[in-house]
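Read through the structure below, which is laid out as structure tokens, and then see the notes.
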Amino acid sequence: MFRQARPIWIKDKRNEMNVYAVFSLNTKLDAAVQKAELHITGYTFYRVSVNGEFLGFGPARTALGYAREDVLAIDVNTLGRLGAGVDGGQDDAEAVNCQIVIEACGYNCRGLSTVFQPSFLMAELVCDGQVIAYTGRDFEGFLPTCKVQKTERYSRQRHFTEIWDYRGFAGLTAKEYRAEVEEVPEKRQIIDRLAPYPLYEEVDLTAARSRGTFTYDETLPCQPLKYSRGFLPDGWGYWEYDEIELHPHTWIQKLRQTITEKQIALPVTLEEGQFAILDFGRIETGFLKTQLEAVENSDVVVSFSEYYEGEEFQLPFMNAHNVVEYFLEKGDAREHMTFEPYTCRFAIVAVKSGAVKLNSFGVKTFMFDISGVEEPKYEDEVLNSICRAAVRTFAHNSVDIYMDCPSRERAGWLCDSYFTAKTEYAMTGKTGVEDAFLENFRLYKDSEYLPDKMIPMVFPGDSETDTEDGMGRYIPQWSMWYIIEAAEYILKRGHKDLTEAFRPSIYRLLGFYRQYENADGLLECLPSWNFVEWSKANDWTWDVNYPTNFLYAKVLESIADIYGDEECRRRSKEVQEKAVEQSFNGTYFCDHAERDDEGKLVLLDDSSEAGQYYAVLFGGIDINSQKFRALKTLITDVFAPDRGDKMPEIMEVNAFIGAYLRLEALMKMGEYKILLRDVKGFFGNMEQYTGTLWEYRQFRGSCDHGFASYAMVAIQEAMSHLG
């Protein structure tokens with residue numbers, strides 16, 4: 001932990017949106033130093049380089065009021081010795097120069113990928129156990145003008161797009177950019193980084209997929225700027241449209257493209273009105289690297305997409321502004337690396353004005369280190385391809401927390417995490433990312449936006465406050481998945497030592513649920529955003545939703561398993577029995593019952609496929625009994641990824657979470673051959689397009705979604721039983 005570092009920021013800038021600041025330390029280290037480390041944390045994000053070489057990006061995200069400390073090793077042997085007589089003669093002959101540059105962005109806006117709080121930075125250089133330099137004394141501050149401040153939001157969930165203007169740029173630590181630094185008053189509790197450090201690898205292309213010309217056509221359709229103005233919750237933070245000078249996201253969509261050449265070796269010179277399309281062959285996640293040499297003063301737009309079909313570049317339909325813009329002066333030759341990580345398979349480099357030489361294009365990866373992961377090998381190559389894609393999908397979505405996707409959101413959703421956690425443990429036998437993910441939720445403190453005892457649906461992140469009552473949105477069912485995941489984490493993944501650490505949050509949630517139990521002991525009229533799955537099943541959550549009550553029964557059982565709470569075990573069985581009694585129509589389960597004018601609970605005919613899986617998994621039923629024979633036949637013989645119009649009275653599942661509940665249900669039923677058939681039917685062709693697994697079966701939304709990595713767990717489970 002820090003011993004002398006103090007939290008600092010540029011004076012009068014800590015509450016300002018999208019501030020790009022640089023903090024620099026110039027020092028000399030004794031060449032005999034055995035161990036040099038930079039201890040660092042901050043908010044929102046930072047990028048560290050030493051003597052011009054990239055060292056790391058951070059910090060690992062955590063709860064409001066806390067900060068996770070990174071410890072980054074510095075190899076003194078690679079810093080380069082100073083010659084004898086330099087800066088003091090022979091006494092410096094055994095010294096090495098060390099320049100640490102920390103680029104930091106303080107976004108000061110709300111989103112789902114971080115929690116809102118003012119900017120700060122803490123760092124100290126430690127050599128052989130001694131603090132050599134620290135913020136608050138030794139680091140200078142700078143405000144370079146190269147990163148444009150007033151830009152569009154990247155997405156509702158993340159922060160701002162990147163526009164870099166290097167015209168007249170004097171260098172990150174040029175004296176004209178020097179700015180006064182102040183110590184910030186808020187105290188934060190410094191805690192350890194629990195997730196493993198990410199893998200940074202260089203993925204560089206040697207050729208462009210194609211080259212061509214474009215003309216700008218104002219009449220072409222354009223995705224709306226939903227995440228820059230007017231469509232965000234109150235207080236979310238954005239620049240008004242008229243305040244933003246540059247709109248590259250709009251510009252890139254109004255280009256009529258003409259392909260003139262294919263498979264062009266790099267480097268390639270591009271003039272005004274020309275473009276090159278790059279293809280990694282699979283999705284990569286990390287910092288985009290564009291090595292450009294400006295032949296003339298130039299304006300270059302780089303845009304990227306996870307996948308599209310056809311020859312011409314297309315932006316994805318996923319509500320994110322996948323674009324970076326660069327302004328360069330003639331003669332400027334450098335590798336431009338994005339500050340934030342992004343996700344792409346395809347990219348376009350389009351010259352808006354001027355001319356540039358595109359020397360290379362690549363990605364510095366930002367992902368979980370999978371170098372030690374052994375991918376399963378089966379005789380079935382389709383299963384192998386799904387497992388390969390699952391490993392990469394997990395790696396992209398498990399850097400510091402479990403994320404839904406590494407692109408649009410980078411957000412840590414409950415329920416998603418239940419499935420991704422299974423992947424981490426199956427893949428590594430460890431729980432490093434889950435340790436951090438669950439600790440963040442345990443550290444959450446009540447806020448004015450959520451009701452007492454409730455936890456966020458996504459964290460670290462901010463609660464959306466666009467509801468009628470002014471409260472933040474939350475998903476009651478996602479808090480239930482938190483308890484179910486905690487039970488597996490404690491009892492199945494070796495963390496009984498943390499049993500008591502979970503008790504406060506778990507029993508507070510139990511107290512919340514009990515406020516909504518009706519006379520039958522079932523949950524009724526749960527508030528906020530009730531979520532069963534992305535299908536019509538979500539329209540049937542009022543008044544008594546039976547999938548939710550089956551889930552509640554599992555919650556009660558989980559608490560009983562963790563804490564030996566026999567009252568919860570008794571209540572779990574009561575909820576199961578009552579929910580089955582009320583919702584089963586003799587063939588299948590109906591989703592909900594509503595109160596009539598006399599206050600009587602009336603079962604409605606609406607039924608979802610997902611609801612059947614909630615009942616099988618958490619309803620305490622014997623699916624092999626005569627009573628449920630017809631339901632079992634539906635599950636095994638009718639429901640499938642390609643069921644089409646069969647049994648239309650039961651609403652087909654969507655990808656999340658119904659398809660995953662189906663896999664879990666098939667495992668519980670011992671239907672392993674059907675499970676493998678379904679996995680292949682749902683995920684089988686994804687790797688060939690993106691090398692990852694997708695949010696949906698179609699090319700929409702994210703094509704790199706964390707919970708989809710669970711497919712490998714399902715495959716391994718089935719194959720272990722089939723031999």
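Screening TYR402 on (1) of a type in the set (Ser, Thr, Tyr); (2) surrounded by fewer than 24 Cβ atoms within 10 Å (Cβ to Cβ); (3) closer than 23 Å to THR44 by Cα shows it passes everything except condition (2). Just one of the numbered conditions (1) of a type outside the set (Val, Ile, Thr); (2) in a loop (DSSP other than H, G, I, E, B); (3) surrounded by 18 or more Cβ atoms within 10 Å (Cβ to Cβ) is not true of GLU312: (3).
Tell me, which residue of the range 289-309 that is out of contact with any Leu (no Cβ under 8 Å at 6 or more places or on another chain), closer than 19 Å to LEU358 by Cα and part of a loop (DSSP other than H, G, I, E, B) is most open to solvent (accessible area, probe 1.4 Å)? Checked the range 289-309; the qualifying residue most open to solvent (accessible area, probe 1.4 Å) is GLU296. Condition first: more than 25 Å from PRO547 (Cα to Cα), out of contact with any strand residue (DSSP E or B) (no Cβ under 9 Å at 6 or more places or on another chain), free of Cβ contacts under 8 Å to residues at least 40 places away in the same chain and open to solvent by 10 Å² or more (accessible area, probe 1.4 Å). Can you find one or more residues in the range 681-700 that meet it? Checked the range 681-700: at least one residue is more than 25 Å from PRO547 (Cα to Cα), out of contact with any strand residue (DSSP E or B) (no Cβ under 9 Å at 6 or more places or on another chain), free of Cβ contacts under 8 Å to residues at least 40 places away in the same chain and open to solvent by 10 Å² or more (accessible area, probe 1.4 Å).
At least 3 residues being buried (at least 16 other Cβ atoms within 10 Å of the Cβ) is the threshold, and among the strands (runs of 3 or more DSSP E) wholly inside the range 195-288 those reaching it are 207-216, 255-265. Any residue that is open to solvent by 10 Å² or more (accessible area, probe 1.4 Å), within 24 Å of LEU194 (Cα to Cα) and modelled with pLDDT of 95 or more - is there at least one of those in the range 341-363? Taking every residue of the range 341-363 in turn, none turns out to be open to solvent by 10 Å² or more (accessible area, probe 1.4 Å), within 24 Å of LEU194 (Cα to Cα) and modelled with pLDDT of 95 or more.
Taken over the range 382-397, the criterion of being within 16 Å of TYR418 (Cα to Cα) and either of a type in the set (Val, Ile, Thr) or surrounded by fewer than 22 Cβ atoms within 10 Å (Cβ to Cβ) (or both) is satisfied by THR393 alone.
Filtering the range 360-378 to residues that are farther than 29 Å from TYR482 by Cβ and either among the β-branched types (Val, Ile, Thr) or touching a residue at least 60 places away in the same chain (Cβ under 8 Å) (or both) leaves SER360, PHE361, GLY362, VAL363, LYS364, THR365, SER371, PRO376, TYR378.
Each row is one residue, and each column tells you yes or no for (1) among the basic types (Lys, Arg); (2) in contact with a helix residue (DSSP H, G or I) (Cβ under 9 Å, 6 or more places away or on another chain).
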{"residue": "GLY106", "(1), (2)": "no, no"}
{"residue": "PHE139", "(1), (2)": "no, no"}
{"residue": "PHE142", "(1), (2)": "no, yes"}
{"residue": "ARG158", "(1), (2)": "yes, no"}
{"residue": "THR161", "(1), (2)": "no, yes"}
{"residue": "PHE169", "(1), (2)": "no, no"}
{"residue": "VAL184", "(1), (2)": "no, no"}
{"residue": "LYS187", "(1), (2)": "yes, no"}
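Quick one: is GLU485 closer than 24 Å to THR62 by Cα, charged (D, E, K, R) and open to solvent by 30 Å² or more (accessible area, probe 1.4 Å)?
Criteria not met by GLU485.
Being aromatic (Phe, Trp, Tyr) and either free of Cβ contacts under 8 Å to residues at least 60 places away in the same chain or surrounded by fewer than 24 Cβ atoms within 10 Å (Cβ to Cβ) (or both) is not true of PHE550. Taken over the range 134-143, the criterion of being surrounded by 19 or more Cβ atoms within 10 Å (Cβ to Cβ) and not small (Gly, Ala, Ser) is satisfied by TYR134, THR135, ASP138, PHE139, PHE142.
Looking across VAL323, VAL349, VAL391, one residue alone is of a type outside the set (Phe, Trp, Tyr) and under 24 Å from GLU424 (Cβ atoms). It is VAL391. Annotation note: of ARG493, ARG473, ARG503, the sole residue that is open to solvent by 30 Å² or more (accessible area, probe 1.4 Å), in a loop (DSSP other than H, G, I, E, B) and in contact (Cβ under 8 Å) with a residue 24 or more places away in the chain is ARG473. The residue of the range 513-534 that is farthest from the chain's Cα centre (by Cα), among those that are open to solvent by 30 Å² or more (accessible area, probe 1.4 Å) and hydroxyl-bearing (Ser, Thr, Tyr), is TYR516.
Of the residues making up the range 144-166, just one is open to solvent by 30 Å² or more (accessible area, probe 1.4 Å) and either acidic (Asp, Glu) or closer than 30 Å to ASP30 by Cα (or both), namely ASP165. Restrict the check to the range 440-458 and report whether at least one residue is of a type in the set (Lys, Arg), assigned to a helix (DSSP H, G or I) and either in contact (Cβ under 8 Å) with a residue 60 or more places away in the chain or open to solvent by 10 Å² or more (accessible area, probe 1.4 Å) (or both). Checked against the condition, which is being of a type in the set (Lys, Arg), assigned to a helix (DSSP H, G or I) and either in contact (Cβ under 8 Å) with a residue 60 or more places away in the chain or open to solvent by 10 Å² or more (accessible area, probe 1.4 Å) (or both), the range 440-458 yields at least one hit. Taking the range 7-30 as the range and being of a type outside the set (S, T, N, Q) and loosely packed, with under 15 Cβ neighbours inside 10 Å as the test, the residues that pass are LYS11, ASP12, ASP30. Identification of helices (runs of 4 or more DSSP H) wholly contained in the range 620-709 with 1 or more residues that are small (Gly, Ala, Ser) yields 629-633, 660-669, 672-683.
A count restricted to the range 127-177 and to residues that are among the hydrophobic types (A, V, I, L, M, F, W, C), more than 17 Å from ARG334 (Cα to Cα) and within 32 Å of the chain's Cα centre (by Cα) stands at 5.
Filtered by the rule that a residue be acidic (Asp, Glu), outside any helix (DSSP H, G or I) and open to solvent by 60 Å² or more (accessible area, probe 1.4 Å), the range 557-595 gives a lone residue, GLU594. Taking each residue of the range 379-392 that is over 11 Å from THR692 (Cβ atoms) and looking for partners that are modelled with pLDDT of 95 or more and assigned to a loop (DSSP other than H, G, I, E, B) with beta-carbon atoms closer than 6 Å, six or more apart or interchain, yields ASN384/TYR378. Among the residues in the range 512-531, are any out of contact with any Ser or Thr (no Cβ under 8 Å at 6 or more places or on another chain), part of a helix (DSSP H, G or I) and not charged (D, E, K, R)? Looking for residues that are out of contact with any Ser or Thr (no Cβ under 8 Å at 6 or more places or on another chain), part of a helix (DSSP H, G or I) and not charged (D, E, K, R), one finds at least one in the range 512-531, hence yes. Against the definition (modelled with pLDDT of 95 or more and within 17 Å of PHE45 (Cα to Cα)), how does ILE74 come out, yes or no? Taking the combined requirement at face value, the residue does not satisfy it.
Just one of the numbered conditions (1) open to solvent by less than 10 Å² (accessible area, probe 1.4 Å); (2) touching a strand residue (DSSP E or B) at 6+ places or on another chain (Cβ under 6 Å) is not true of LEU661: (2). Checking every residue in the range 679-696 against the condition of being modelled with pLDDT of 95 or more, over 26 Å from ASP416 (Cβ atoms), in contact with a helix residue (DSSP H, G or I) (Cβ under 8 Å, 6 or more places away or on another chain) and polar (S, T, N, Q) gives zero matches.
The values are calculated or read from the model by the stated rules, or taken from the named source; none is laboratory data. Remember, predicted model here, so these are calculated numbers, not experimental data. Neighbour counts run over all protein chains shown; Cβ positions are idealised from the backbone, glycine included. Quick note on the areas: whole protein, heavy atoms, side chains included, nothing else; ligands and nucleic acids left out. Shrake-Rupley method; radii C 1.70, N 1.55, O 1.52, S 1.80 Å.
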